[in-house]
Amino acid sequence: MKPKDEAKAREIFAATLHEVAEHGLASLSIEAVAKRAGVATGTVYVYHKGKEALLDALYLATKKELASAIFEDTAGQPVRLAFMKTCVAYVDYLMSHRAAVSFMHQMQNSPLVSEGTRAEARAVAAPLAELLERGKREALLKDLPTPFMIAFLTGTVDELARYLET
């Protein structure tokens, strides 16, 4: 069996992001993705069993890309510095990847995301929870439930990015 072309796989993901950003999840079709990606419709099915599998795989890929971007160079750093770097990197990501951010927001509570993908997405986001826990242990952050802190932090940073865009 011939190995899959990584460039083609990236084009399919990029096309899917653009289609969802422009038309929403409900209107997404494999045909539209294929046309935007410049591939045959059957090619998309070679890479993904169907629309649900494509969206599930893309959700995990975008979560991994986000985690890679925001947690880069923060391991082992003091909490304050790691927190600042993470927040700045998150704002930068939000401002430069609006289609991916919109897609992740739409998919976050969607039944289209498999439990396995949800578990992997939580695992790639673990460095944020670990950073917040470390901040609480060092008395730099209030001792609030970590999920609450993550929701507050991500919502605040998302609004900041929207403000900076205007």
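Structure notes:
A quick yes/no check of all residues on (1) within 13 Å of the chain's Cα centre (by Cα); (2) more than 20 Å from THR74 (Cα to Cα); (3) of a type in the set (A, V, I, L, M):
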{"residue": "SER96", "(1), (2), (3)": "yes, yes, no"}
{"residue": "ALA100", "(1), (2), (3)": "yes, yes, yes"}
{"residue": "MET104", "(1), (2), (3)": "yes, yes, yes"}
{"residue": "GLU115", "(1), (2), (3)": "no, yes, no"}
{"residue": "ALA126", "(1), (2), (3)": "no, no, yes"}
{"residue": "ARG137", "(1), (2), (3)": "no, no, no"}
{"residue": "PRO145", "(1), (2), (3)": "no, yes, no"}
{"residue": "ILE150", "(1), (2), (3)": "no, no, yes"}
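- Each residue in segment 18-36 was checked for being in a helix (DSSP H, G or I), of a type in the set (Gly, Ala, Ser) and under 20 Å from MET104 (Cα atoms), and 2 pass.
- Here VAL157 fits the description: under 19 Å from the mean Cα position of the chain (by Cα) and under 30 Å from LEU28 (Cβ atoms).
- So ALA15, is it under 23 Å from SER114 (Cβ atoms) and in a helix (DSSP H, G or I): yes
- Hits in segment 46-103 (condition: in contact with a Phe, Trp or Tyr (Cβ under 7 Å, 6 or more places away or on another chain), closer than 25 Å to SER27 by Cα and polar (S, T, N, Q)): THR62
- Test: residue in segment 108-118 that is of a type in the set (A, V, I, L, M) and part of a helix (DSSP H, G or I): no
- Test for LEU131: is it of a type in the set (A, V, I, L, M), in a helix (DSSP H, G or I) and open to solvent by less than 70 Å² (accessible area, probe 1.4 Å): yes
- A single member of LEU112, LEU140 is modelled with pLDDT of 90 or more, under 20 Å from TYR90 (Cβ atoms) and touching a Phe, Trp or Tyr at 6+ places or on another chain (Cβ under 9 Å), and it is LEU140.
- Taking the listed residues ASP143, ASP92, the one that is under 14 Å from ALA69 (Cα atoms), touching a helix residue (DSSP H, G or I) at 6+ places or on another chain (Cβ under 9 Å) and open to solvent by 80 Å² or more (accessible area, probe 1.4 Å) is ASP92, with no other qualifying.
- Looking only at segment 21-71, and only at residues there that are among the small types (Gly, Ala, Ser) and under 30 Å from LYS85 (Cα atoms), the one that is most open to solvent (accessible area, probe 1.4 Å): SER68
The values are calculated or read from the model by the stated rules, or taken from the named source; none is laboratory data. Computed from a prediction, not measured in an experiment: that's the story for all the values here. Methodologically, a virtual Cβ is constructed for each residue, glycine included, from the backbone with ideal geometry; neighbour enumeration extends over all protein chains shown. Only protein heavy atoms, including side chains, enter the accessible area calculation; ligands, DNA and RNA are left aside. Shrake-Rupley method; radii C 1.70, N 1.55, O 1.52, S 1.80 Å.
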